[in-house]
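Worksheet: one structure, shown below.
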Amino acid sequence: MPEAVIATARYFLRAFIEPCRILVAVSGGSDSKGLLLALHSAIGDKDREGFSLVACTIDHGLRPGSADEAAAVAAFCAELGVPHLVCRWEGDKPRTGIQAAARHKRYELLADAAAALGADCIATGHTLDDQHETIVMRGARGEGEGAGSAGMASTMLYGRRIWVLRPFLGLRRDDIRAFLTARGVAWFDDPSNANPLFERVRVRSELAASKEAPAARWSAAQRAASSARAAALIESHVRVHETVAAEIAAEQAGNLGDADWRRALLSVAAVLGGRNHLPVHATIERISGFLQAGMPGRMTAGGVVYDRRPSGLYLYREARNLSALVIEPGETKTWDGRFNVTNGERSPLMVTAKGQDGQWDQRLIDAGLPSGVAKRASRAAPHIAPAAANVVGMSPIQAKVECRIGLYDAFLPGFDRIMADAVAMLFGRERYPAPPVHDVFDRNGEVAGGLPWQGDTRTLC
Ligand SMILES: Nc1ncnc2c1ncn2[C@@H]1O[C@H](COP(=O)(O)OP(=O)(O)OP(=O)(O)O)[C@@H](O)[C@H]1O
């Protein structure tokens, strides 16, 4: 159904709150070339005035020929009259985890390119086939609580900076290829897509052999509803003191049978522990068992102490594995996965755990925490001082300190934004920027039996 490709592009444009400039991330593969071509045709329609396209190709420099492929995409964009940038991944590359590192770098370079070209958002060519592979891979890893439980989101905020939109998440790759073939456009097949050393490639061939499409545990709509409820539970039941300790009322603490509450609690714990992900399934079971038993005591998981007392549940960073960090003038670095610290001084600063500094204990007691909790929690609180022992006269120290929310600051799935905002508020951060598209677009990727635009007569934009 090649016509479905253009129809999906039109639906996507209608989903925008207001017309804007879209950067299309074009690898040179069929999906992203199809996306660029379809958007270019759809924007050509008279009623889509106000939209414009730019494009970018990332040359990861990981295999011979990548620069030539990027040049071929540049030529394709020039034919369409679409401004295009090639950005190359320069510098040292890691020996392990190259796929994940390449993904992070790709989004960073795409966001930089969007800023350089004045684009308001990024569109990628992820398809329903990619979605199925992602669901299978995340399922195999037991990612049942986190973002994995709902598959890939149609919208994703990168680095708190720019929204990445996936208009083709409901389309099959075969339809996109039929569309390109009908237009006489060729594409590259990335040789790594045939390398069985990669998990995705193995999953792809398993899926091709199977007749059943994998389903996510939750749909995006269910996930968004769960997020909203988790946000409300956070607002009602969690207080965070001085960004280093959380307090939860005793009657709510053991309510781990409620999946939304469990996710809310674990998300707050992940921020306190400086983690980017929720714990694995076995750890969640262990935490649930401890809290549901309702007995006073302490357990540690994911770098966080769960301190259960008759007065309530208290969470704080375990005082272990806390390294020192030197920050040069003007530089921003992350300490312990928990705090982004910017040095506003003219000489280096060092961040360590609190050590003997008694101020934190008092601050936490003043905030209303029991003194035992205050004492323990303050041991892992940040202490910022001149890096050189002989530097004096820096009081107060000029440093900007903000909480890092590892779960969401790099990649925030659109359906989790309400919950992410609730967590951000707890830790004194600003809300995340809103997406440029209406919510209805978030349902895009999961319309299995028909395409999202079918029967939808609403005017969105
Ligand atoms: N090197 C790249 N430069 C620009 N965008 C890219 C690049 N690699 C991936 N993308 C974007 O991310 C999307 C999904 O990435 P994935 O790795 O599945 O793509 P691919 O298989 O390399 O290419 P395609 O999806 O276009 O066939 C692509 O459709 C494209 O929009």
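Of the residues that sit in the stretch 386-409 and are part of a loop (DSSP other than H, G, I, E, B) and at pLDDT 95 or above, which one is surrounded by the most Cβ atoms within 10 Å (Cβ to Cβ)? Selected residue: 408.
Among residues of the stretch 170-198 that are within 26 Å of residue 99 (Cα to Cα) and charged (D, E, K, R), those with a Cβ under 6 angstrom from a residue that is within 13 Å of the ligand (Cβ to nearest atom) and assigned to a helix (DSSP H, G or I), sequence gap 6+ or separate chain, pair up as 172/128; 173/129; 177/30.
Restricting attention to the stretch 78-99, the residues that are under 21 Å from residue 20 (Cα atoms), in contact with a Cys (Cβ under 8 Å, 6 or more places away or on another chain) and outside any loop (DSSP other than H, G, I, E, B) total 2. Can you find a residue in the stretch 28-38 that is more than 25 Å from the chain's Cα centre (by Cα), surrounded by 15 or more Cβ atoms within 10 Å (Cβ to Cβ) and without any contact (Cβ under 8 Å) to a residue 12 or more places away in the chain? No, the conditions are met nowhere in the stretch 28-38. Taking residues in the stretch 318-330 that are touching a residue at least 60 places away in the same chain (Cβ under 8 Å), and partners anywhere that are small (Gly, Ala, Ser) and in a loop (DSSP other than H, G, I, E, B), the pairs with Cβ atoms closer than 7 Å and at least 6 places apart or on different chains are 318/303; 318/380; 319/380; 326/387. Only one of the numbered conditions (1) assigned to a helix (DSSP H, G or I); (2) within 13 Å of the ligand (Cβ to nearest atom) is violated by residue 75, and that is (2). Only residues that are among the acidic types (Asp, Glu), surrounded by fewer than 16 Cβ atoms within 10 Å (Cβ to Cβ) and farther than 27 Å from residue 11 by Cβ were counted in the stretch 68-88, giving 1.
Take the conditions modelled with pLDDT under 95 and acidic (Asp, Glu) and apply them to residue 31. Does it pass? Criteria not met by residue 31. Determine whether the stretch 44-67 contains at least one residue that is touching a residue at least 60 places away in the same chain (Cβ under 8 Å), within 11 Å of the ligand (Cβ to nearest atom) and either in a helix (DSSP H, G or I) or surrounded by 18 or more Cβ atoms within 10 Å (Cβ to Cβ) (or both). Among the residues of the stretch 44-67, at least one is touching a residue at least 60 places away in the same chain (Cβ under 8 Å), within 11 Å of the ligand (Cβ to nearest atom) and either in a helix (DSSP H, G or I) or surrounded by 18 or more Cβ atoms within 10 Å (Cβ to Cβ) (or both), which makes the answer yes. Considering only residues of the stretch 18-43 that are away from the ligand (no atom under 16 Å from the Cβ) and outside any helix (DSSP H, G or I), which is nearest to residue 108 (Cα to Cα)? For the stretch 18-43, the residue satisfying everything is 21.
The values are calculated or read from the model by the stated rules, or taken from the named source; none is laboratory data. Here the structure is a predicted model, which means the values were calculated and not measured. In this analysis, Cβ positions are derived from the backbone assuming ideal geometry, glycine residues included, and neighbour counts consider all displayed protein chains.
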